[in-house]
Amino acid sequence: MTRTLLVDGNSLLNTGFHGIKNMYNGDDHIGGLYHFLNTLRKHIDLYLLNKVVVFWDGKNNTHPRTQLYPHYKLNRKTKVKSPESIQSYNKQKIRVQEYLEELYVRQASYDLCEADDCIAYYCKESQDKEIIVLTSDRDLLQVISPKVSVHILSLNKQFRYGDKVPLNGILIPHTNVRLVKTICGDSSDNIKGIKMVGIKSLSKIEPKILKEEVKLETLLKVIRDKDKLTKKEENILKGTTNSDISGPEILDINFEIIGAGEKFLTIEAQTNIIELSHEAIDPEGRHWKHALNLMMSDGILNILPKRDDAWVEFIKPFLRLSRIEKDFYKYKT
């Protein structure tokens, strides 16, 4: 059985880069690099994986959505980053990618495409028997299916088909993640929700949201069929938000941009993702010793426990993955 890990690369790198600020090799910050590799190896071991794919955000990845919603992720662009911070982040990202090449981890990035959409499309189109998505982004909870589970890094918890998932402190069926974010918005992506309506008030308007899947059109019909509407219910029907983007069409816009998958992927990306899902990795030029040399150069070995076999334990999950991928390559060729 093919058990695959799909990794939101930017999400994982960001967590280590911003969360482990005091890890250095000389003058070089390596918090993002170490955290990425350490997290990956732990989950390869935890889930006994035989395939790992890391997706990265491509150049101008927000462009397709900003055509629909100009404020999309605009809040992130206003955060001032020093040139030194940008340089360090980019350096660690490139280094991570070098490690992945040596350790038989597939990776991909496509211009105008976000990693979330690539992951969602892979989940839909692949023939893999089981897929586990590794991310801190709860948007991806919407891709859960009988063959897809999502491990949320910030919670260190895996959510499977049929589970309720936490959103703004409330447990809801994973099938309602897109609906709730459509109505209530998503502050992390600067998507404005309906004025005065949070998940608690939404669940009072339609209690079924806490128990079973509810479609957007069903929710709107429930509200329209009421004899008397509250101000919050009126705001939902009118599409009233706290921004200059308001109107009945706002729910359709929110629903589109919160969704993940092929709508915001280029044809090239869709084609390549399908190929990526079943291609074999050519072992030519790859070797775990190259990764070990990188670990020595980057000071990773200095962080490990002071035991002679510490580096072996660290790299062992990747060695197992490498053997599986080499066997798969022989079988395919």
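The values are calculated or read from the model by the stated rules, or taken from the named source; none is laboratory data. Note that the structure is a prediction, hence the values are computed from the model and not measured. Cβ coordinates were reconstructed from backbone atoms using ideal geometry, including for glycine residues, and neighbour counts include every protein chain displayed.
Take the stretch 269-294 and flag every residue that is without any contact (Cβ under 8 Å) to a residue 24 or more places away in the chain and of a type in the set (S, T, N, Q).
T271, N293
Would you confirm whether or not the stretch 308-315 contains a residue that is over 28 Å from N60 (Cα atoms), of a type outside the set (V, I, T) and touching a residue at least 12 places away in the same chain (Cβ under 8 Å)?
Step one: list which residues in the stretch 308-315 are over 28 Å from N60 (Cα atoms), which gives 308-315.
Still in the running and of a type outside the set (V, I, T): 308-311, 313-314.
So of that shortlist, the ones also touching a residue at least 12 places away in the same chain (Cβ under 8 Å) come out as 311, 314.
Yes: one or more hits.
With (1) touching a residue at least 12 places away in the same chain (Cβ under 8 Å); (2) buried (at least 16 other Cβ atoms within 10 Å of the Cβ); (3) farther than 30 Å from R3 by Cβ as the list, and L216 as the residue in question, which single condition is left unmet?
(2)
Restricting to the stretch 157-188, name every residue that is among the aliphatic types (A, V, I, L, M), over 16 Å from the mean Cα position of the chain (by Cα) and part of a strand (DSSP E or B). Lay out the reasoning, then the answer.
Step one: of the stretch 157-188, the residues among the aliphatic types (A, V, I, L, M) are 165, 167, 170-172, 177, 179-180, 183.
If we keep only those that are over 16 Å from the mean Cα position of the chain (by Cα) as well, we get 170-172, 179-180, 183.
Residues satisfying the conditions are I170, L171, I172.
Report the residue count in the stretch 24-80 for those that are within 30 Å of F255 (Cβ to Cβ) and of a type in the set (F, W, Y). Outline the logic, then answer.
Here is the first cut: in the stretch 24-80, the ones within 30 Å of F255 (Cβ to Cβ) are 53-79.
Cutting the leftovers down to of a type in the set (F, W, Y) gives us 55-56, 69, 72.
Count: 4.
Can you give me the number of residues within the stretch 52-67 that are of a type outside the set (D, E, K, R) and in contact with an Asp or Glu (Cβ under 6 Å, 6 or more places away or on another chain)? It would help to see each step written out before you state the result.
First pass over the stretch 52-67, keeping only residues of a type outside the set (D, E, K, R): 52-56, 58, 60-64, 66-67.
Now narrow it down to the ones that are in contact with an Asp or Glu (Cβ under 6 Å, 6 or more places away or on another chain): 58, 61.
Total meeting the criteria: 2.
Which is part of a loop (DSSP other than H, G, I, E, B) and either aliphatic (A, V, I, L, M) or at negative phi (or both), of V214, V222? Break it down into steps so the answer makes sense when it comes.
Details: V222 fails: part of a loop (DSSP other than H, G, I, E, B).
Matching residue, one of V214, V222: V214.
Given the condition under 20 Å from A120 (Cα atoms) and among the polar types (S, T, N, Q), answer yes or no: does some residue in the stretch 32-51 qualify?
Looking for residues that are under 20 Å from A120 (Cα atoms) and among the polar types (S, T, N, Q), one finds at least one in the stretch 32-51, hence yes.
Against the definition (modelled with pLDDT of 95 or more, in contact with a Cys (Cβ under 6 Å, 6 or more places away or on another chain) and buried (at least 17 other Cβ atoms within 10 Å of the Cβ)), how does L321 come out, yes or no?
When the stated conditions are applied, L321 does not pass them.
For A108, indicate whether it is within 26 Å of G19 (Cβ to Cβ), hydrophobic (A, V, I, L, M, F, W, C), crowded, with 21+ Cβ neighbours inside 10 Å and within 18 Å of the chain's Cα centre (by Cα).
On the way: within 26 Å of G19 (Cβ to Cβ): yes; hydrophobic (A, V, I, L, M, F, W, C): yes; crowded, with 21+ Cβ neighbours inside 10 Å: no; within 18 Å of the chain's Cα centre (by Cα): yes.
In short, no.
Return yes or no: is Y69 closer than 19 Å to V150 by Cβ, among the aromatic types (F, W, Y) and over 17 Å from the mean Cα position of the chain (by Cα)? Spell out how you get there, then give the answer.
Values: closer than 19 Å to V150 by Cβ: no; among the aromatic types (F, W, Y): yes; over 17 Å from the mean Cα position of the chain (by Cα): yes.
Taking the combined requirement at face value, the residue does not satisfy it.
Does the stretch 111-133 contain any residue that is in contact with a helix residue (DSSP H, G or I) (Cβ under 7 Å, 6 or more places away or on another chain), assigned to a loop (DSSP other than H, G, I, E, B) and within 23 Å of D282 (Cβ to Cβ)?
no
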